[in-house]
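Worksheet for the structure shown next.
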């Protein structure tokens, strides 16, 4: 049945999406990569997610259309087939795994943002301390420092 083929295709897409998402999670967890590179990965991941979600939406629309073409008897017959039940179970499992991986990824990216903010604040405080030191040095030595520099 066409509906079963569409669900098989959906599972193929979900499996690919899950593997790609897990690969990004592993890349993020590796040490030795600077924040700028990881921010590029966030952009790549966003693009990847958007493309996958659009593909899944198109497939879901096709599934909805195909389901409307079936009568209740055909739907019950299809749902009674063990192979189709297994395909639906796989679909649900892929979705759950994607959600769990997404949660881990989002927490990691959020923590990355906190670390980046902390680095920026530290840089601003260091800059402020240098500015204070310069202004104190200039006021302490006055014009003599200006003439020697």
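We did not get these values from a lab; they are worked out from the coordinates using the rules stated. This one's a predicted model, so the numbers in the text were calculated from it and none came from an experiment. Methodologically, a virtual Cβ is constructed for each residue, glycine included, from the backbone with ideal geometry; neighbour enumeration extends over all protein chains shown.
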Item to complete: Obtain the nm distance between the two label points defined at residue 34 and residue 79 by a simple spin-label model: each point lies 7 Å from its Cα along the Cα-to-C-beta direction.
Response: 5.7 nm
Fill in: Ranking of 1, 112 by count of other Cβ atoms within 10 Å, fewest first
1, 112
Worksheet item: Out of these labelled values of Rg/Rh (Cα atoms, Kirkwood Rh), (i) 1.38; (ii) 1.04; (iii) 0.93, which was calculated from the coordinates shown here?
Response: (i)
Response to the item:
Tilt, helix 82-141 to longest principal axis of the chain (alpha-carbon atoms), in degrees rounded to tens, equals 10 degrees
Practice prompt. Once you have the Cα-Cα distance between residue 115 and residue 19, take 0.36 nm times their residue separation minus that, and quote the gain in nm to one decimal.
Written response: 31.9 nm
Worksheet, complete the sentence: Going from the fewest other Cβ atoms within 10 Å to the most, one would list 89, 74 as 89, 74
Worksheet, complete the sentence: Note on the chain: contact order normalised by length, alpha-carbon pairs under 8 Å, 6 or more apart, percent, works out to 41 percent
Item to complete: Compute the length gained on full extension between residue 125 and residue 2: take 0.36 nm times their separation in residues and subtract their Cα-Cα distance, giving the result in nm to one decimal.
Response: 38.0 nm
Worksheet, complete the sentence: Counted neighbours (other Cβ, 10 Å), sorted fewest up, put 60, 43 in the order 43, 60
Worksheet item: Using 7 Å Cα-to-Cβ label points, what is the residue 12/residue 41 separation (nm, one decimal)?
Response: 2.9 nm
